[in-house]
1. Evaluate E = 1/(1 + (r/R0)^6) for A:Ala219 and A:Arg15, where r is the Cβ-Cβ distance and R0 equals 25 Å; express this FRET efficiency to the nearest 0.05.
2. Measure off 7 Å from each Cα along the Cα-to-Cβ vector at A:Glu22 and B:Val13, then give the distance between these two points in nanometres to one decimal.
3. Nearest 500 deg cm²/dmol is fine: what mean residue ellipticity at 222 nm does the protein assembly as shown get from its DSSP H runs of n ≥ 4 alone, each adding -39,500 (n - 2.57), divided by its residue count?
4. In whole percent, and with a 1.4 Å probe on the protein chains, what portion of the accessible area of the protein assembly as shown is carbon and sulfur?
5. Going by a 1.4 Å probe on protein heavy atoms, which residues of region B:4-18 end up with at least 20 Å² less accessible surface in the whole assembly than in their chain alone?
6. What percent of all Cα-Cα pairs in region B:2-75 falls in each 10 Å bin, counting up from 0?
7. Just to confirm a number: summing +1 for Lys and Arg and -1 for Asp and Glu over residues other than A:Ser60 whose beta-carbon lies under 10 angstrom from that of A:Ser60, what do you get?
8. Which loop chymotrypsin sites (Phe, Trp or Tyr not before Pro) in region A:10-74, with loop taken from DSSP, have no more than 12 other Cβ atoms within 10 angstrom of their Cβ?
Amino acid sequence: MKSAVITFPGSNCDRDMAVAIELVSGNAPLRVWHGDSTLPDGLDFIALPGGFSYGDYLRSGAMAANSPIMRGIVAAAERGVPVLGVCNGFQVLTEARLLPGALMRNAQQTFICRTAALKVENADSLFTSYYQQGQSIDIPVAHHDGNYFADDATLDRLEGDGRVAFRYADAINGSQRAIAGVLNAAGNVLGMMPHPERAVEDAHGNTDGRALFEGVLNALALT
Amino acid sequence: MKVRIHVSLKQGVLDPQGRAVHHSLGGLGFTGVDDVRIGRTVEMDVADDTTETQLTNMCEKLLANTVIENYRIEMVG
């Protein structure tokens, strides 16, 4: 199992992501810099971490979505390589058009940093198969721009196709239909604002995020 | 050549910043403000032979997120 964590200028959860992947898979992911023009060959899994890439200039994730490395990530995602984007990584994936919609400023204008209750809306996906359908899990959130927006037709399509992976139990940031995480049409790209990598070991006080990494990484190890 | 790109949120997209500013204007005693929406202006110096198509591409690829934003290109001269 060969994985990579991408680091952009301003990423700050890249190490946490790498630690979570190594903890669950036993293999340390490669650390890839945004300015690299090509991805390492043969990647099985790519993670885009949280942070404030490029200081959130212009729009969160907008500059990072145009980094040299993103061409390779878009191509890999289109080939079916699993890609996980957390927080700023989710913003980057929407800006790169790998996922629909956009992440806007939280409706209440404030930065939210706390543990949020989520509902697993689709436990059949590559990333969520270790959860139960409808399971309630607690995952930390830390964001200012997590207010998910898409037009009604897109939201209806996402819901109808089972592409809403996670929903907030409470309306914490104004997201349309309380959406916390969405999948692409092929199911190999997941973007979510909450941070599963911050809930993987006992020292975190909560291990509800671990099943996400176990689900996707164990599935990859079996292939 | 100077160009201004005006980026604004689409109708129907809630503008939390605009709403907060609207609220503050009311708090300062400015009545009669029906709505406030916040946008962004990007001023650029570009080569004189820059085409409208090139400017449109800049907007579509980076300067605006057309999922939530509209843009308008103003040639200042």
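The values are calculated or read from the model by the stated rules, or taken from the named source; none is laboratory data. All values derive from a computational prediction rather than experimental measurement. Don't worry about glycine lacking a Cβ; one is built from the backbone with ideal geometry, like all the others, and counts go over all protein chains shown. Areas reflect the complete protein model, heavy atoms only, side chains present, ligands, DNA and RNA absent. Shrake-Rupley method; radii C 1.70, N 1.55, O 1.52, S 1.80 Å.
1. 0.55
2. Inter-label distance under the simple model: 4.0 nm.
3. Mean residue ellipticity, 222 nm, calculated: -7000 deg cm²/dmol.
4. 48
5. Buried on complex formation: B:Val13, B:Leu14, B:Pro16, B:Gln17.
6. 18, 39, 25, 15, 3
7. Combined, the nearby Lys, Arg, Asp and Glu give -1.
8. Those satisfying the criteria are A:Tyr57.
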